[in-house]
Every structure is written in C-alpha cells, then in structure tokens.
Amino acid sequence: MIESDNWQVLDSRIKYQAHFEVVQDHLRKPTGDEMIYNYINSKCAAAILAFTTEGKVIVTRQYRHPIRKTIYDLPAGGIISGETSEQAVRRELKEETGYRVKEISLLGSFYPSPGMHASKIDVYLANEAEPGNPNPDENEIIEIELMDWQDVVGLVQSNQSIDVTLAYAVMRYGMMNQSQPNPACRGHGSAVR
C-alpha cells in the first residue's frame, strides 16, 4: 500500500507566481529514488447548484480561454483569504448571477485534477434563490440560463462542453435524491442554514 507519509519533500520552490503559483518540489519516493514534481498551487474554490423559487437550476456559460471554448458551469469562484467556502459561494452566486439564497448545504467536495493541481472545490446546494442584479468581475462575461433539472441532466449526459463541477453536482444531487426512502421527499433536496 502506498502511504503519503512515505514521500519526503526535500526542497520546494515557487517557480512562477500570479493569481496562482507553479511549485517545483524535489521529492524522495518511498523507494529512495528522487524526482522533481511540478504542480499548480491555487486557491480552493466553491460552487453552488442553486434552484430558483420556480424550481429552475441557475446555470452559467463562460468563455474559458485555455480550452478556447464557451462552456456550461455553475456559479463558482475562489475562496478569498479569511473567507469560508460558504461565504465565498454566496458572494460568487450574487456577483455572477445576482441571485441570493438564505439556506445552503454542502453537497460534497472534490479535487478536480490532483495530479497537477492542489486545490479542492466545495459544492453547495441551495433552494429558493431570489433574483437580483449581478456584478461580475471586470474580466467576466457570464450568460445566465435558468434550466429545468432534466435539461441539466441531459446537458451533462450530452457531448456539450461543461465544467467538471457541474457534472459532479448533478451526480451528487442525483444520488442524494435516489437514496430518499420516501418518493414524496424527492424534490430540490434539503438545504440548511
């Protein structure tokens, strides 16, 4: 069994720094061999699967330059120093879409690309999102789409370009609703304060 405490960091250097860092670590493997490992160290993030008061899912579309495509995703963003992931996701939902929510619950967390990226994404669920005025960052151009749940599931199952966070949220929410013992409990999930 490979244990993480059997890997030793001999040296660690920041090779590039902007809104993320490229880190180069000199490692000693459990075998005693040494290697150089480069990875991106950036802020953790939070995303939200939010349903409006009418039961529509708030989905966003944004251009993502590294892949040169406009993709479907969820309202999301980085966690600022001193902020909790819940505070970050509430801020991002309001900034990107204008919507506000009272109650949210954590759907789950995942590491989107742990082989090259050190960040974790917390994904939340919210119901009864109420509209407001968006105020996106100056470099964000965001389209907001309100979609039926089945259309969101279809989007994830299709060959459309989507963000992995959207797929993860659909999977977690779908699993949560399938595990409800009483079909009358199925709906938009339960959100807590």
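Figures for the structure shown
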quantity	calculated
Residues within segment 55-68 that are of a type in the set (A, V, I, L, M, F, W, C) and not in a strand (DSSP E or B), tallied	1
Inter-residue pairs, beta-carbon under 6 Å, first farther than 22 Å from Ser119 by Cβ and of a type in the set (S, T, N, Q) and in segment 6-34, second surrounded by 14 or more Cβ atoms within 10 Å (Cβ to Cβ) and modelled with pLDDT under 95, 6+ apart	Gln8/Arg28
Residue count for segment 125-153, restricted to those that are among the charged types (D, E, K, R) and assigned to a loop (DSSP other than H, G, I, E, B)	4
Residue in segment 184-191 that is open to solvent by less than 70 Å² (accessible area, probe 1.4 Å) and either under 21 Å from Cys44 (Cα atoms) or at pLDDT 90 or above (or both) present	no
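The values are calculated or read from the model by the stated rules, or taken from the named source; none is laboratory data. Just so it is clear, the structure is predicted and the values come from calculations on it, not from any experiment. All Cβ positions, even for glycine, are placed from backbone atoms using ideal geometry, and neighbour counts span all protein chains on display. Remember, those area values only see protein heavy atoms, side chains included, never the ligands or the DNA or RNA. Shrake-Rupley method; radii C 1.70, N 1.55, O 1.52, S 1.80 Å.
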